[in-house]
1. Ala171 - would you say it is in contact with a Pro (Cβ under 6 Å, 6 or more places away or on another chain), without any contact (Cβ under 8 Å) to a residue 40 or more places away in the chain, within 20 Å of Gly210 (Cα to Cα) and aliphatic (A, V, I, L, M)?
2. Being more than 26 Å from Phe503 (Cα to Cα) and either touching a residue at least 12 places away in the same chain (Cβ under 8 Å) or assigned by TED's automatic domain parsing to the domain that holds Arg392 (or both) is the requirement here; does Gly370 meet it?
3. Residues Ala34, Ala92, Ala113: which one is assigned to a helix (DSSP H, G or I) and either surrounded by fewer than 15 Cβ atoms within 10 Å (Cβ to Cβ) or free of Cβ contacts under 8 Å to residues at least 40 places away in the same chain (or both)?
4. Could you list, in sequence order, the residues of the stretch 146-197 that are assigned to a loop (DSSP other than H, G, I, E, B) and β-branched (Val, Ile, Thr)?
5. Read through the list (1) in a helix (DSSP H, G or I); (2) touching a helix residue (DSSP H, G or I) at 6+ places or on another chain (Cβ under 8 Å); (3) not hydrophobic (A, V, I, L, M, F, W, C); (4) not assigned by TED's automatic domain parsing to the domain that holds Thr160, then give the number of the only condition that Asp57 fails.
6. Mind checking which residues of the stretch 361-392 are in a helix (DSSP H, G or I), within 23 Å of the chain's Cα centre (by Cα) and surrounded by 24 or more Cβ atoms within 10 Å (Cβ to Cβ)?
7. In the stretch 413-436, what residues are in a loop (DSSP other than H, G, I, E, B) and out of contact with any strand residue (DSSP E or B) (no Cβ under 7 Å at 6 or more places or on another chain)?
Amino acid sequence: MDGGFAGGEGLVYGVARSLSGRRWLWRPSDERRAQAIAQRLDLPELLGRLLAARGVDAETAGHFLEPTLRALLPDPSVLMDMDAAAARLADAVRAGQCVGVFGDYDVDGACSAALITQALRGLGCAVLTHVPDRITEGYGPNLPALERLVGQGARLIVCTDCGTAAGAVLAGLAGQADVLVLDHHKSEGLPPPILATVNPNRPDDRSGLGGLCATGVAFLAMVAMVRTLRKSGYFAGRAEPDLLGALDLVALATVCDVMQLTGLNRALVAQGLKVMGRRARPGIAALLEVAQAKDAPSAMTCGFALGPRINAGGRIGDAHMGLRLLLCEDPIEAKALAQQLDGVNRTRQDVESGILDEAMFQAQAQIDAGRAALLISGDDWHPGVVGIVAGRIKEKFNRPVGVAALAGGMLKGSARSVPGLDIGAAVIAARELGLLTSGGGHAMAAGFGLAEANRVAFHAFLCERLAGAAALPAVPDLVVDGSVSVAGATEALAGQIGRLAPFGNGNEEPLFVVPNARPVRADRIGREGNTLRCIVASADGDSRLKSLLFRAEEGPLTHALMARPAAPLHLVGQLRAEEWNGSTSVSLFLRDAALASG
């Protein structure tokens, strides 16, 4: 391997503080395990090392590289209450009942609601849908909306991506309609007093499937329902629904809800991206076109091109727009909806930028004060963008953070966390203690509401509960997988690395250091000019490599890439093979740089 792939131990090229203030550390790898993987599967040494460094062994490497549902899909019945839910859904299909689907205003909520709605409509059920307005209704089921669904004829209500913590609300439907919950959010209490709560994160569930998003749970519920109908002979003379065709929704939701891309999730996303690549769903096809995503869809496409646009409707627009787009069957209507969402997303970006500076200022002050967790708020901030701002602050400061909008003496916010610190559990515990009026979530993200009078107490609780964050570096370390020269950064190498995709939480895309590269040209590109395209040359000038830096605001990193004459740099980034106009080239997607002399 050119440049010596194995990084070894300790600092990468001695970089204790890069241009963005990070330490660079080599990712540990088990050499014996790497060799065993490479030998058993007849793989290049590079892949063996990358797999071993991600905890994969020789027995599981085959399924990791070629994840299939045949090998990894569990029996849905392992989930608590799944059999009861499947039986009631099957009854609704056989009776041709009207079903109400109550979703959520984020990507997982829209995708899970679309998956269930499409499957039930395909089997002859009339399906009514409702997505709550973030501002006027808030998160989760509310009785007026549920009773409207019942009043329109729904005899079964399915709450998806919500409902686990809504026992008091759902109890209000007793005697009016049966209720099912298909969710994944954590709860420390008893499940709601309803027919079935299918949630791998409920305290008494032993399925081991807690890493599924709500759309993954919904997919398993549809599999179980179809199996129940099949056993009863329902499909004699009838076609079964194409559930595999809905895997595009599962992939999109799994990535956007930042679920770990290992095990079952890896298979769901890998197969779902193949379905998405066929562009058979008019809504997703239109959104891909609007986002100018011409290549084969990837996890990055889901997270950066599709997800923000679907989320935009629920954040600052019509909460139902994302679900309507995913269910749309008319390509012309789908194109119009996709364009609307694209416009709403641009507005969302403007709203976000309007509060980001103040939020960063508050965050820095709390970091300087030594707070383990951050809690930031502002008068009249838009509740629809606080989650995005929380994510940006988490990225910059490497701390769990809650960002809230203050209005009428109440704070309404979203929280984001770093790996190893469960923000969802912390928020639920705070709610159980009476510090919050509402709250729930999962390990990496949560939502919360509280009276302004409880702000100081809630912040203190978070700092105590998440005290381990105080030991984290102010800027997260970069963990580097290997070293490659400018000349060694080839399409073949990028192709080998790409075999580990889909990349995301739990399977981070490998980072490589390209040492002693000299920038020779840099141009700002993109609609807003905030992407920097930089050509770097090897020390001898004989080889060149294209590199790209996103969010290229003014700062030491951007300045070093644009300076002329430029100093030699060690660069860190992801190597990817890109197709454009029928040709393939390799690019380094930059994450950081350090002066080669230092």
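1. Taking the combined requirement at face value, the residue does not satisfy it.
2. Against the criterion (more than 26 Å from Phe503 (Cα to Cα) and either touching a residue at least 12 places away in the same chain (Cβ under 8 Å) or assigned by TED's automatic domain parsing to the domain that holds Arg392 (or both)), Gly370 qualifies.
3. The unique qualifying residue is Ala34.
4. Passing the criteria: Thr164, Ile194.
5. Only one criterion is unmet by Asp57, namely (1).
6. Passing the criteria: Val386, Val389, Ala390.
7. Ser417, Val418, Pro419, Gly420, Leu421, Asp422, Leu433, Gly434
Conditions tested, residue by residue: (1) modelled with pLDDT under 95; (2) at positive phi; (3) not in a loop (DSSP other than H, G, I, E, B).
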| site | (1), (2), (3) |
| --- | --- |
| Gly3 | yes, yes, no |
| Gly7 | yes, no, no |
| Ala16 | yes, no, no |
| Ser77 | no, no, yes |
| Ala84 | no, no, yes |
| Gly109 | no, no, yes |
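The values are calculated or read from the model by the stated rules, or taken from the named source; none is laboratory data. The shown structure was predicted, so the numbers you read here are calculated from the model rather than taken from an experiment. Note that we place each Cβ from the backbone using ideal geometry, even for glycine, and neighbour counts take in every protein chain shown.
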